[in-house]
Each structure stands twice: as C-alpha cells, then as structure tokens.
Amino acid sequence: MKKKKPHLSFWQIWNMSFGFLGIQFGFALQNANVSRILQNFGADVEHLSWFWLAAPITGLIVQPIIGHYSDRTWNKLGRRKPYFLVGAILASLALIFMPNSAVLAGFLPAMFIGAGMLMIMDASINIAMEPFRALVADMLPADQRTLGFSVQTFLIGLGAVGGSWLPYILAEWVGIAKVAPPGQVPDNVIFSFYIGGVVFLSAIIWTVVKTKEYPPEEYAQYNGTSLDEEESGGLLDIFKDFAKMPKTMMQLGLVQFFSWFALFSMWVFSTPAIAQHIYGTAVTDTSSELYNDAGNWVGVMFGVYNAVAAAFALFLPAIAKWTSRKMTHAISLTAGGLGLVSIYFFSDPYWLILSMVGVGIAWASILAMPYAILAGSIPPGKMGIYMGIFNFFIVAPQIVNGVVGGPIVKRVYDSYAIYAIVVAGILMFIAAASVMFVKDDDDEEVVSSKS
C-alpha cells in the first residue's frame, strides 16, 4: 500500500523548478540567434534547417539515456540533481564558445564548428533539462502536478524573456555594437551568450542547493515500488520500455508532432522571414544593419511570446480545472496557430507583438499540459525513462522538418521563408484538433478522488 505524497508549498515547488529559468535563458539565446550566427559564418537559408538538425538528433539520443540512468541514480547529491549540475556546467561552456566558433576556422569552416557547438550545447541542455520533468512527477501528488508544470512554465518564460531580449538590450540600451564585419558575430550577441552561461549555471545551482529529493526508502513508500525494482535493468531496457509505452503517450505523440514541427519552423525561419517580409532586405544580406535590426527584433518577438507564456502559465491550473487539460491545450494551440498565420498579414514590425501573444499562449500550454497529462499514465519507477522517451515525439518532427524544411523553402517557396511560418500556423490548428482524442488518466484520478 503506497503512502500519499505530501503537498509541497508554493516556494518549495518554485525552488525545485528554478533551474529551468537558467535552462530556458540559454535555450532562448540559442533559438533566437543560432540561425543568424550560422548565416554570419556563411550558411544559406536552404541549409539552415540542416544545421539545426544537430539539436533534435542530440536530444533523441541523450534524453532517453539520461532518463534511464536518472531513474537508477541514488547518491548524496540526489537522484535527478547530479544530471542538472553536470549538464549546466557543459552547457555554460558551450554558450561561451558558440559565438566564438570562428577562432577555429583554420581547421574547419566556421559554420561547421558553429553547428558542432550547437550539438554540444543542445546535448548539455538536454542533460540538464530532462530530469526536471521527472522531478516534478517524483515529488508532487497528482492534484499538484498541473501546478508544478505550470510553475516550471512560468520560470521558463521568465528565463526565455531575458535570453531573447538580451541582444536587443545590449545593442539599443547599452550601446554595444550590433553589426560586425562579414564572417564575424556582433559583440552584442557574443556578450549575451557570455551572460547566458553565467545565468544558466547559477539557476541550476539554486535548485541543487534548495531542493531535497526523497531518499530511496521514502520514495519507494510513496510510489509503491521496491528498491530492487527501481535499480534493475540495463540500458537495452530503453527499447523494451519504448515498445511498452502507455497508450496516452502514443496519442500525445501525434499532438506533439504537429506542435513541434511548427515550433521548429518558427525558430529556424523567423529571422529570414521577418527580414524579407517585414524589413524588405535580401536573405543573403546578412551583414547589413537592416538585417541585424530584423534579427534583434526577432529576439524581442521571442521574448514577448515567452513573457506571455510566463503569465499565461499561472492561469493554466484554473483553466484546466474549469474545463479539462485536453480542452485547455486545444484552445491554446489554436491561439498559437492564429498568431503564426497572422504574421503574413502584417507589414509593421510592432504588430508582430500581437502575433506573439497567440504563440505565447500555445507555448505555455506546450511546456505544461502534455507532461501533466502524461504523468498519470506512467509507472512511478519509469518516470525518468518515459519522460526521456517522450522526447522522441518532440525531436522526430524537428528532424523531419530539418531534413525537408530548407529545401522546401528554397525550391517550393522560392526562398521566401514567410510561407514556412504560415504552414507552421496551420499545423498548430491540426495539433489542436488531435489533442481531443487523447486519454487523460491523471485527470480522471483527480475527478475520482473528489467524488
């Protein structure tokens, strides 16, 4: 007979999730600036999505492995916390080196070194990020999981606002150079990545110091499992667990595919799309002040959608309680689709802020609701591995998009990247429809306990 997990205070949940602020600070710098960095190093718009493949492929490999071993790790530092710390150290170093990839241009073209740094950075971010999802499920009872993932989403939004806006702030408010000679990265971007490395590591250390995980014996009592069961099994069990994944995970996989295909298009093609469609500059004119203005404004836009996500995340538990988790997610994804499609119809950069409101609503839900729905269907002793396997449904659409997205933009859209953004909006609508067919076991448990 398993014991009921105790309710945690808001500030315990806050401290437990605080490391995500640093993770998303670094992730936002990556999302808003890697395309322009690679273009500074010589990549063209057709090949951008191919270089971005480094990130999802790395996540596909790393997250299930980290989830598997974090399920079986018990030491003085904790169960999930050792992975936070190692990932944070590696990611911080990668953030510092990424915009300086040109220093090794004597060995390989700078854009290939940059792509390698992107792979290392994303692997490190995944090492730090994956156990955070499992930690919430480990520590919280079913009726607090939506709150837990919503607090994570709020902190993700705060971190992402800082990371997205920082290059713009350093250029426009501090006066650091925003233009560099061809083949070099502007100073405002370089210094932003340095600051990102410090923020990333500091936030993770806060969670490591402030959060105490349940010891093995207590964890086993709360989850009705034995320690032998928790520690058994080798690395090959990942494939067995994949074959036995819960039905809810498979259903959510379709929703995730359309959602993350759309997000990947937005991250990869927003800078060239906005530069062409709004600022009227050529996609090859990457060293001009106008193009860099567009790149900085994309950072502002991304900061806005993350700020909206941070605020909207606070309302997710109430909306889910009033409707359901599935309905909340469907409404949010619809708002994201409207936001992406609307970009095509605007000519003033400031109107794009309105577009980002819709994207922010969707982003808040994407970061919280699928995990809240999934957690109730996963065996407690498999929380880490299944959260890692669930990442497959995030990275697979990004890999598909990475392979075909660039050639489609080049040959079908005649290098006019705005059409990739419009199609992304349509895929958000499809994801919204798909979520209504998902079975939410955790929601049913909460309803049953109230009756």
>> Just to verify a result, which residue in segment 347-384, among those that are at pLDDT 90 or above and in contact with a Leu (Cβ under 6 Å, 6 or more places away or on another chain), is farthest from T328 (Cα to Cα)?
In response: G358
> Given the conditions (1) buried (at least 19 other Cβ atoms within 10 Å of the Cβ); (2) at pLDDT below 85, which single one is not true for K81?
Replying inline: (2)
> Restricting attention to segment 206-223, which residues are buried (at least 17 other Cβ atoms within 10 Å of the Cβ), assigned to a helix (DSSP H, G or I) and more than 25 Å from the chain's Cα centre (by Cα)?
Replying inline: Y219, A220, Y222, N223
>> Filter segment 269-297 down to the residues that are modelled with pLDDT of 90 or more, of a type in the set (V, I, T) and assigned to a helix (DSSP H, G or I) and list them by number.
In response: I274
> Is it true that some residue in segment 359-367 is surrounded by 22 or more Cβ atoms within 10 Å (Cβ to Cβ) and not in a helix (DSSP H, G or I)?
Replying inline: no
> Here are some conditions: (1) crowded, with 23+ Cβ neighbours inside 10 Å; (2) at pLDDT 80 or above; (3) not polar (S, T, N, Q). W52 meets all but one. Which one does it not meet?
Replying inline: (2)
> Tally time: how many residues in segment 190-207 are within 10 Å of F25 (Cα to Cα) and without any contact (Cβ under 8 Å) to a residue 40 or more places away in the chain?
Replying inline: 1
> Among the candidates S355, S377, S332, S342, which residue alone is in a loop (DSSP other than H, G, I, E, B) and either under 28 Å from G78 (Cβ atoms) or not acidic (D, E) (or both)?
Replying inline: S377
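Out of curiosity, is R72 closer than 21 Å to I385 by Cα, surrounded by fewer than 22 Cβ atoms within 10 Å (Cβ to Cβ) and out of contact with any strand residue (DSSP E or B) (no Cβ under 8 Å at 6 or more places or on another chain)?
Working: closer than 21 Å to I385 by Cα: yes; surrounded by fewer than 22 Cβ atoms within 10 Å (Cβ to Cβ): yes; out of contact with any strand residue (DSSP E or B) (no Cβ under 8 Å at 6 or more places or on another chain): yes.
So R72 fits the description; yes.
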>> Residues that are modelled with pLDDT under 90 and touching a helix residue (DSSP H, G or I) at 6+ places or on another chain (Cβ under 7 Å): does segment 415-433 have at least one?
In response: yes
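Right, I195: closer than 25 Å to S101 by Cβ and either assigned to a helix (DSSP H, G or I) or at pLDDT 95 or above (or both) or not?
Numbers: closer than 25 Å to S101 by Cβ: yes; either assigned to a helix (DSSP H, G or I) or at pLDDT 95 or above (or both): yes.
Yes; evaluated as a whole, the condition is true for this residue.
Could you look through segment 380-419, keep only residues that are part of a helix (DSSP H, G or I) and among the charged types (D, E, K, R), and pick out the one that is nearest to the chain's Cα centre (by Cα)? I'd like the intermediate steps shown before the answer.
Looking only at segment 380-419, we keep the residues that are part of a helix (DSSP H, G or I), and these are 380-390, 392-412, 418-419.
Of the ones still in play, those that are also among the charged types (D, E, K, R) are 382, 410-411.
Numbers: K382: 22, K410: 26, R411: 29 Å.
If we take residues in segment 380-419 being part of a helix (DSSP H, G or I) and among the charged types (D, E, K, R), then K382 is nearest to the chain's Cα centre (by Cα).
Free of Cβ contacts under 8 Å to residues at least 60 places away in the same chain and surrounded by fewer than 24 Cβ atoms within 10 Å (Cβ to Cβ), is that true of F315?
On the way: free of Cβ contacts under 8 Å to residues at least 60 places away in the same chain: yes; surrounded by fewer than 24 Cβ atoms within 10 Å (Cβ to Cβ): yes.
Yes.
Here are some residues: V341, V298. Which one is surrounded by fewer than 24 Cβ atoms within 10 Å (Cβ to Cβ), in contact with a helix residue (DSSP H, G or I) (Cβ under 6 Å, 6 or more places away or on another chain) and more than 30 Å from A243 (Cβ to Cβ)? Show your work before the answer.
Details: V298 fails: surrounded by fewer than 24 Cβ atoms within 10 Å (Cβ to Cβ).
V341 is the lone residue from the list that is surrounded by fewer than 24 Cβ atoms within 10 Å (Cβ to Cβ), in contact with a helix residue (DSSP H, G or I) (Cβ under 6 Å, 6 or more places away or on another chain) and more than 30 Å from A243 (Cβ to Cβ).
Can you name every residue in segment 339-363 that is closer than 17 Å to L263 by Cβ and of a type in the set (S, T, Y)? Let's see the steps before the verdict.
Start the filter on segment 339-363 by keeping residues that are closer than 17 Å to L263 by Cβ, which leaves 339-343, 352, 355-363.
Selection gives S342, S355.
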> When you go through (1) more than 25 Å from I343 (Cβ to Cβ); (2) crowded, with 24+ Cβ neighbours inside 10 Å; (3) not charged (D, E, K, R) one by one for A396, which number turns out not to apply?
Replying inline: (2)
> Could you say which residue among I89, I125, I120 is at pLDDT 85 or above and part of a helix (DSSP H, G or I)?
Replying inline: I89
>> For segment 318-338: of the residues being at pLDDT 95 or above and among the hydroxyl-bearing types (S, T, Y), which is surrounded by the most Cβ atoms within 10 Å (Cβ to Cβ)?
In response: S332
> Which residues, taken from segment 1-36, are β-branched (V, I, T) and under 14 Å from S270 (Cβ atoms)?
Replying inline: V34
> Scanning for something touching a Phe, Trp or Tyr at 6+ places or on another chain (Cβ under 6 Å), on the phi < 0 side of the Ramachandran plot and free of Cβ contacts under 8 Å to residues at least 60 places away in the same chain, does segment 339-359 turn up at least one residue?
Replying inline: yes
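Quick one: is V189 surrounded by fewer than 18 Cβ atoms within 10 Å (Cβ to Cβ), assigned to a helix (DSSP H, G or I), modelled with pLDDT under 95 and not basic (K, R)? Talk me through it step by step, then tell me what you get.
Details: surrounded by fewer than 18 Cβ atoms within 10 Å (Cβ to Cβ): no; assigned to a helix (DSSP H, G or I): yes; modelled with pLDDT under 95: yes; not basic (K, R): yes.
No: the conditions fail for V189.
Taking segment 331-352, which residues are among the aliphatic types (A, V, I, L, M) and over 19 Å from the mean Cα position of the chain (by Cα)? Show your work before the answer.
Step one: list which residues in segment 331-352 are among the aliphatic types (A, V, I, L, M), which gives 331, 333, 335, 338, 340-341, 343, 352.
Once the filter is applied, which keeps residues that are among the aliphatic types (A, V, I, L, M) and over 19 Å from the mean Cα position of the chain (by Cα), segment 331-352 yields I331, L338, V341, I343, L352.
The values are calculated or read from the model by the stated rules, or taken from the named source; none is laboratory data. Bear in mind the structure is a predicted one, so any value in this text is a computation, not a measurement. Cβ: placed from backbone, ideal geometry, glycine included. Neighbour counts: every protein chain shown.
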